[in-house]
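J.: This is the structure I have questions about; it appears just below.
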Amino acid sequence: AANLGRSELNLSKHRDAAEHLTYALREAPQSVATEAPEEWNDLREMLARARARVGALVISVEPAGAEVLVNGLPVGKAPLPSAVFVEPGPVVVEARAAGYALANASIGRVADAADQWADCDAQTQAAS
C-alpha cells in the first residue's frame with residue numbers, strides 16, 4: 001500500500017494516495033516506526049501532502065451493515081472503520097439496507113484538508 005500511495009501521489013491522484021498511505025501507516029507493524037524511522041517519516045510526510053489536497057468525511061450510518069455510497073460509489077458497510085477521502089467539492093452520501101428506505105445526506109462542499117461529518121440514518125420502511 002505504501003508503494004502504491006507513493007506512486008499515486010507522484011501522479012497527483014491525491015485521494016487514492018491518502019487512502020493507501022493511511023492504510024499503510026495503520027497496518028504497518030509497530031517495529032517499522034522504530035526500526036525504519038526515515039521510511040516511517042517519509043510515509044507520514046507523503047500522507048500530509050496528499051491530505052492537503054483532499055477532504056475527509058467521517059460518516060455515521062444507521063443501521064449497522066448498511067451499504068454506504070459516496071457520490072454513487074460504494075465505500076463499505078456501516079460502521080466504516082475510518083474517514084472516507086473525497087475530492088474537494090459537493091458530496092452525496094447514501095445508505096442502503098434491506099427493509100429501510102434509501103437515506104442520503106448532501107454536503108454542499110468538502111474543503112481541502114478538512115474533516116467533515118455526515119450522518120445518514122435510514123428509516124424503516126412502512127409495511128404495504
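The values are calculated or read from the model by the stated rules, or taken from the named source; none is laboratory data. Keep in mind it's a predicted model, so treat the numbers as computed, not measured. Please note: Cβ atoms are built from the backbone with ideal geometry, for glycine as well, and neighbour counts cover all protein chains shown. Calculation scope for accessible area: heavy atoms of the full protein, side chains included, ligands and nucleic acids excluded. Shrake-Rupley method; radii C 1.70, N 1.55, O 1.52, S 1.80 Å.
J.: Ignoring ligands, DNA and RNA, what percent of the accessible area of the chain is carbon or sulfur (1.4 Å)?
T.: 50 percent
J.: I've got another one for you. From the protein chains alone at 1.4 Å, what is the descending order of accessible area for LEU80, LEU21, LEU4, largest first?
T.: LEU4, LEU80, LEU21
J.: How big is D, in µm² s⁻¹, for the stretch 21-103 by Stokes-Einstein at 25 °C and 0.890 mPa s if Rh is the Kirkwood radius over C-alpha pairs?
T.: 167 µm²/s
J.: Treating only the Cβ atoms of Lys and Arg (+1) and Asp and Glu (-1) as charged, compute the dipole magnitude of the stretch 1-95 about its Cα centre; round to the nearest 20 debye.
T.: Roughly 200 debye for the stretch 1-95.
J.: For the stretch 1-48 and the stretch 58-110, write down the distance between their C-alpha centroids in whole Å.
T.: One Cα centre to the other: 25 Å.
J.: Here is a further query. Tell me, what is the per residue accessible area of the stretch 48-92 in Å², probe radius 1.4 Å?
T.: Counting only protein heavy atoms, the per-residue value for the stretch 48-92 is 48 Å².
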